[in-house]
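Enquirer: Structure incoming, see below.
Just so it is clear, none of the values below were taken in a lab; they were calculated from the coordinates. Nothing here was measured: the structure is a model prediction, and the numbers come from that model. So basically every Cβ, Gly included, is an ideal-geometry build from the backbone, and we count neighbours across all protein chains shown.
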Amino acid sequence: MSTSKKHGVQDLRDFLHEAMTELSVLWWRFFDWLAIAEWRQLYITWFLVFVFGVIVQMVEPAMMFIMITAALKIIAGGKRRAELVAKDAVEKADVANLERRLVEAQMATLQAQVEPHFLFNTLALIGQLIETDPPQAARIHQNLIEYLRATLPQMRATGGGTLGKQVELARAYLAIMQARMKERLAVTFDVPAHLETAPFPPMMLLTLIENAIKHGLEPKIEGGHIEVTARVVDRQLWVDVQDNGVGFNLHSDEGVGLANIRERLRLLFGDQAQLVIEAPLAGGAYASIRVPYGPMEKRP
């Protein structure tokens, strides 16, 4: 056989193979539609096929099509429909799993922004005190070691946590800051004991306190006071941080810390949680994290 004939035969085989593949795809698409189609849709389809058969004088093929599709619908349609429903459920479950993993990755990324922020600030403080007050620098260094040993698991958590653990974390942080600011920083906590076991996202309270010190109290020569309170309002847990510092500019950008909190709340709770920032008439700043009072649920 000549080379040209061989190429011709091969081309014909390729064409037939592609044609059969395409016909197979079209058949299974049609069969899937037949399996999930409602009977009302089939009645309309059969009527249109019958009318078309009458018009083109092909009534017998039209009737044959109607009888074959009806038999397929009755015999195999139920099984195929169950298979398609099961496949759809599996695909949705896979999508939900991917969404959950995406949320966890986003949470981990956001959390990673918080850890260096706190650590770098504390190390910078120790570096300053080494030159001005070495004994104080040594004490803060030791406090930092104890703080990290006790709280690093919380800092790396992306989901669950309790309000009590976050208050403990905040107290440890404030002990370091009070060592620096001394009498310029006063703190009070009003967190009822029964709320300490309530679920609360990690590191958010600390971010609010750090923000209050950095933007509210440190710029104020005489320093000031921070009050941390917790309460339940309309099935929401309100955790408030209020200071009497220089105040908060409601028209300025929030910065990484507060934007981080808003995004993490959105990922964890959707529209069921919020961060509220206000400028009290008496001065200072008020920040409140409000989450559902009960088990936390991730909501992609």
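Enquirer: Taking the Cβ of each residue in 38, 218 as the centre, tally the other Cβ atoms inside 10 Å and list the residues starting with the fewest.
Expert: 38, 218
Enquirer: Further question: How would you rank 173, 43, going from fewest to most other Cβ atoms within 10 Å of each one's own Cβ?
Expert: Details: 173 21, 43 10.
Listed from fewest to most nearby Cβ atoms, that is 43, 173.
Enquirer: While we're on this one: Rank by packing, highest mean first: peptides 263-269, 208-214, 47-53, with packing defined as the count of other Cβ atoms within 10 Å averaged across residues.
Expert: Answer by packing, highest mean first, reads 208-214, 263-269, 47-53.
Enquirer: Please arrange 65, 189 by counting, for each residue, the other beta carbons lying within 10 Å of its beta carbon, fewest first.
Expert: 189, 65
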